[in-house]
Amino acid sequence: MTKALYFALAFAAVCAGDSYQRSPCNAVHWTRVLEGKIIVEGRDAKPLDIESLFVREHDLPPNHRIIHAYDAEVTDRRPDRLTIYVDRENIFLNAFCM
């Protein structure tokens, strides 16, 4: 490949990443915050912080939903909603705007 093509591909990747970070639901931020954490219901868990293993569902943004690994595929899409995927033990897997 030529240098111009490498530059064009790198520029496109940076632009795509930049627009993803400015998504309406802030999925990139929440992916970083929730990585390796267990999401728990109720207010009994420790508050959200970097050191804690747990994140209370109460501490997530109001416009969110949690989808478990065993749930059926969802078809409704809302780009302003944070959709959080967790495994069977409620450990965070990924977050998207949908």
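Assorted remarks:
- Test set (1) acidic (Asp, Glu); (2) at pLDDT 90 or above; (3) loosely packed, with under 10 Cβ neighbours inside 10 Å - Asp87 fails condition number: (3)
- If only residues of segment 62-98 that are among the aliphatic types (A, V, I, L, M) and part of a loop (DSSP other than H, G, I, E, B) are counted, the one that is farthest from the chain's Cα centre (by Cα) is Ala72.
Here's the yes/no breakdown for (1) exposed (fewer than 13 other Cβ atoms within 10 Å of the Cβ); (2) at pLDDT below 85:
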{"residue": "Thr31", "(1), (2)": "no, no"}
{"residue": "Gly36", "(1), (2)": "yes, no"}
{"residue": "Ile39", "(1), (2)": "no, no"}
{"residue": "Pro47", "(1), (2)": "yes, yes"}
{"residue": "Phe54", "(1), (2)": "no, no"}
{"residue": "Pro62", "(1), (2)": "yes, no"}
{"residue": "Ala72", "(1), (2)": "yes, yes"}
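- Being modelled with pLDDT under 60 and either touching a helix residue (DSSP H, G or I) at 6+ places or on another chain (Cβ under 6 Å) or among the basic types (Lys, Arg) (or both) is a property that Lys3 has.
- Residues in segment 64-91 that are small (Gly, Ala, Ser) and under 20 Å from Leu53 (Cβ atoms): Ala69 alone.
- Checked against (1) open to solvent by less than 70 Å² (accessible area, probe 1.4 Å); (2) outside any strand (DSSP E or B); (3) at pLDDT below 90, Cys25 passes all but a single condition, namely (3).
- Residue under evaluation Asp76, criteria (1) under 19 Å from Ala27 (Cβ atoms); (2) open to solvent by 40 Å² or more (accessible area, probe 1.4 Å); (3) among the charged types (D, E, K, R); (4) modelled with pLDDT of 90 or more, criterion not met: (4)
The values are calculated or read from the model by the stated rules, or taken from the named source; none is laboratory data. If you're wondering where the values come from, they're calculated on a predicted model, not measured in any experiment. As a convention, Cβ positions derive from the backbone with ideal geometry for all residues, glycine included, and neighbour counts pool all protein chains shown. What goes into the accessible areas is simple: the full protein's heavy atoms, side chains included, and nothing from ligands, DNA or RNA. Shrake-Rupley method; radii C 1.70, N 1.55, O 1.52, S 1.80 Å.
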